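One structure is given here, and the rest of the page talks about it.
Any read-out appearing in this document is the output of simple, stated calculations on the displayed coordinates, not a laboratory observation. Only a predicted model underlies this, so the values are computations on that prediction, with no experimental measurement involved. FYI the Cβ positions are ideal-geometry reconstructions off the backbone, even for glycines, and counts take in every protein chain you see.
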Amino acid sequence: MPAAEIVGGGIAGLVASIQLARNGWSVRLHERSEALRAGGNGLPIFENGLRILEALGLQDAIRTRGHQLNKWIIRLSSGQTTTEYEPFAATGGRIVMFERQALVDPLAEAAVKAGVKIEVGSRVLSAERDGILHLSGGRRLESDLIVGADGIHSIVRKSVAGTLPLGKHRKGAIRLLIPIRPDDFPDGNDRVATEYNDPGGRRIGLLPCSSKTMYMILVALLSDPQALKMPIDPELWKATFPTLGRFIDRVGPAGHYDEYHSIFPPTWHFGKCVLIGDAAHGMTPALGQGANSAMMTAYSLGATDLLSSPLSDALTAWETKIRPLVHFTQKFAEGITEGRLDPRNDIFFSDPALRPLLSADIPNMRFDMPNFAALNPPLSNAV
C-alpha cells in the first residue's frame, strides 16, 4: 500500500487525506497544534466547495452545521444600500456560511473513518524531494508522497522550493466571531450577509454562521494602521460606520489580524512532494474563495490516479488541468483587493467571468475555463 504523509491539519489537508485514503493510500496527517483547532472566524462555502463536501458524504454537515444565506447586501458606510444579491441568481449556486471549526470537525471525523491516522502536536521541520519528512525529536519518515498543506508560510514549500517571495498587498483584516442578538435581524431573516464599504478603504462584513453566531471582518489599508491595531479602537470604527455601533461594541479584545498575501510557485510539485491549498495558491480573500480553492486542489489531487504512471507525470497532468482555474481565481481576487477591477466592491460574484469557477464540478473534473480577457490588466504568471 502506498504511503502519504500530509503536513497540515486544516481544510486542504483533511480533504486530501480523505480522498487519498479512500483511494487505497495509507495516510498520516501531521498537525503541529495539540488539537485540530480552527481559528475563531467564519468562512463562506460556495457551490464549488459544497459539491466537494457532498462528494465526501458530508451533506448532513452542510445542513446541520452550515447556515445557508438567502441574501447578500452591499452598503455604503452610511448604511445606504447599493446592491442586493440573491445568491443563486448572482452566482449560479448556494452560499453556506460555516464557523471554521464547524467545518474542520466533520472533515476530521470523515478522515478518521476513512482510516487516516491523525497526529496532533507533530511538528514538521523540513521535507526532502525524495519523500523524506523530518520532525522534531529527530524523527525521520519515508513515504511515497508528501503533501504540503501547511499554509501560506509553508515549511514544505520552503524545504523543496526554497524561499519564494510572497505577494504583499495593500490591505489587512481583523476577523472574529460575535454573538447574534434578537434585534440584529428585525424581520426575522438571519440568513443575510451584509458588507459596508467606506471610500477611504475601510470595510466591515457581517455574515451569520448560525442563528447564534456572526462572522465579523474589519478590513483596512495597511496605510491606515490605526484601523488595524489590536485590540480595535471602537470609536474610530464607529465614526466611520455610524450605523454599526452595536456590532462594533461586541468586539472587545477579540479578533485575529492578518495581512493579505499571495503565492505563485513555479510549480506545485517537486519530486515526491506536492503543494495544495494556501501553500500552493494563497490568495487575497476578496472573493471568499481561499477555502473553496483549497478544497478544489485537495480533492482533485486525492482523486487523481497517482500510481498508474510515473508520479511526476501524474502530478504534472493534475496541475496542468486544475491550476489555470485556480490561477484565474487568485488574479481576480488580487484585482479586487488592489482596486483595479472593482474599487467599490460592488462586483461581488455577478461577473459572468466567474461562473466557470463557481459552477466548477471538481468531483467529476468538469469545468469550463473562465474568460481570462475579462481581467484588466491581463493575467501574469507572477506577482
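A simple rule links phi to the HN-Hα coupling: the Karplus curve 6.51 cos²θ - 1.76 cosθ + 1.60 with θ = phi - 60°, which for the stretch 319-328 gives 5, 4, 7, 9, 5, x, 5, 5, 4, 4 Hz, with x for Gly and Pro. The simple spin-label model puts a point 7 Å past each Cα toward its Cβ; for D184 and K229 those points are separated by 2.8 nm.
Across the cross-link table entries K171/K272; K71/K238; K117/K212; K117/K229; K117/K168, which are compared at the Cα atoms, the separations over 28 Å belong to K171/K272; K117/K212; K117/K229; K117/K168. The string of couplings for the stretch 160-175 from the Karplus curve (6.51, -1.76, 1.60, θ = phi - 60°) is 9, 10, x, 7, 9, x, 8, x, 10, 10, 7, 10, x, 8, 10, 10 Hz, one whole number per residue in order, with x for Gly and Pro. A simple spin-label model places the labels of K158 and D305 3.9 nm from each other, with each point 7 Å out along Cα-to-Cβ.
Only one residue of F185, G172, A161 has its Cα farthest out toward the positive end of the dipole of the stretch 154-201, where Lys and Arg carry +1 and Asp and Glu -1 on Cβ, and that residue is A161.
A simple spin-label model places pseudo-atoms 7 Å from Cα toward Cβ; at E34 and D351 they are separated by 4.5 nm. Given 4 °C and 1.567 mPa s, how large is the Stokes-Einstein diffusion coefficient of the chain in µm²/s, with Rh as the Kirkwood radius over Cα pairs? Translational D for this selection: 61 µm²/s.
The simple Förster model, with R0 at 30 Å and r as the Cβ-Cβ distance, assigns K321 and Q68 a FRET efficiency of 0.50. Just tell me which aspartates and glutamates come within less than 19 Å, Cα to Cα, of K321; anything on the same chain fewer than 8 places away is out. Straight-distance partners of K321: D278, D305, D313, D361, D368.
Once the chain from S136 to E338 is taken as fully extended at 0.36 nm per residue, the excess over their C-alpha distance is 68.8 nm.
For the stretch 79-182, report the translational diffusion coefficient in µm²/s to the nearest whole number, using Stokes-Einstein at 4 °C, 1.567 mPa s, and a Kirkwood Rh over Cα pairs. It comes out at roughly 70 µm²/s. Given axes a ≥ b ≥ c from the Cα gyration tensor, I'd like to know whether the stretch 1-150 is rounded (a/c under 1.5), prolate (a/b larger than b/c) or oblate. Prolate, since a/c reaches 1.5 and a/b exceeds b/c. Of the two radii for the stretch 237-327, the radius of gyration is 1.21 times the Kirkwood radius, both from the alpha carbons; that is the Rg over Rh value.
Distance between the C-alpha centers of the stretch 282-309 and the stretch 350-370? Whole Å please. Cα centroid of the stretch 282-309 versus Cα centroid of the stretch 350-370: 13 Å apart. Database remark: amide H of L145 closer than 5 angstrom to the amide H of A3, E5 (H placed geometrically; neighbours at sequence offset of 5 or more, or on other chains; Pro and chain starts carry no H).
Only helical runs count toward this figure. For the chain, summing -39,500 (n - 2.57) over DSSP H runs of n ≥ 4 and dividing by all residues gives -9000 deg cm²/dmol at 222 nm.
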